[in-house]
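Below is one structure, written out as structure tokens; comments come after it.
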Amino acid sequence: MIYVFLVIGSILTGFINTLAGSGSLIMLPLLMSAGLPATIANGTNRVATVVQSIIGVGTFVRNKKIDIRDSQLPIGICVIGAFIGAAIATQADPKFLKQFIRYLMIVMFFVILIKPKRWFKENDIASDKHKHPITLTLLFFAGVYAGFIQAGIGIILLAILVLRADFSLPYANFIKLVVVLVYAIPVLLIFVSQNQVDWKLGGITAAGQGLGAYLGARFASRGKNVQVWIYRLLLLVVFSAIIYLFRNEWLKWFN
């Protein structure tokens, strides 16, 4: 039965990760429910991340003409941070990872709520803010976090790329996928070198997330009112993540 949940959960994760982010908050608990320790689940989840990123970027490119030449600097800075974060993650305390994600999601929920109209820009790149030192610094630390745990990185990257770099939401989504794709394979190799990957479960979830990524990228490049729907999905995903991560506290409060 756990394999059924893994397949369904991985398809949903791929779709959510492509349009918004934080799909790993679904995947990591499922992998741990399948018997994997938190550190192994974190490494195993990177297998599916590689597959969904390849399919997501490929689908975007086929369905919409997108030029990333002007975004190579922020992409590179973020990727460098990811390598550092992955090296840290192999030695991390699982309890610390869980606590960090919990409170980060609360912060991100309010970040998304602030000035919602800023999420609905029409131009892909509205200024040169994506080259500003502050933007690059934020992207570097976002990269460190991405390599560190992955869960929630989509939300963080979209917030920086839209609110700080002044990208449109659909374009920011594509850049987010490119960033993840570039660092995903080297980061996976770091986890492999530490024997922190379960290839059987990684293969199952990779197939599901690949399908979900295809569906998500196709919708993002062809659907109507994409920015509005992505924004709504962002809010829903982060709010749901907060409910899930603090579920024990809610249960104690109601009891």
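The values are calculated or read from the model by the stated rules, or taken from the named source; none is laboratory data. Everything numeric here is computed off the predicted structure, so don't read it as measured data. Every residue, glycine as well, gets a Cβ built from its backbone with ideal geometry; the counts of neighbours run over all protein chains shown. Areas reflect the complete protein model, heavy atoms only, side chains present, ligands, DNA and RNA absent. Shrake-Rupley method; radii C 1.70, N 1.55, O 1.52, S 1.80 Å.
Restricting the stretch 161-176 to residues that are among the aliphatic types (A, V, I, L, M) and touching a strand residue (DSSP E or B) at 6+ places or on another chain (Cβ under 9 Å), the residue that is farthest from S53 (Cα to Cα) is A165. Condition check: modelled with pLDDT of 75 or more, open to solvent by 50 Å² or more (accessible area, probe 1.4 Å) and either closer than 30 Å to P29 by Cα or under 15 Å from the mean Cα position of the chain (by Cα) (or both). Does I153 satisfy that? Answer is no for this residue.
So, in the stretch 52-74, how many residues would count as being at pLDDT below 80 and either touching a Leu at 6+ places or on another chain (Cβ under 8 Å) or open to solvent by 10 Å² or more (accessible area, probe 1.4 Å) (or both)? So the answer is 13. Residues considered: A184, A172, A241, A159. Of these, the only one that is closer than 28 Å to T137 by Cβ, surrounded by fewer than 23 Cβ atoms within 10 Å (Cβ to Cβ) and under 15 Å from the mean Cα position of the chain (by Cα) is A159. Applying the criterion of at least 1 residues that are touching a Phe, Trp or Tyr at 6+ places or on another chain (Cβ under 9 Å) and either modelled with pLDDT under 85 or under 17 Å from S53 (Cβ atoms) (or both) to the helices (runs of 4 or more DSSP H) found wholly in the stretch 181-255 leaves 199-222, 226-245.
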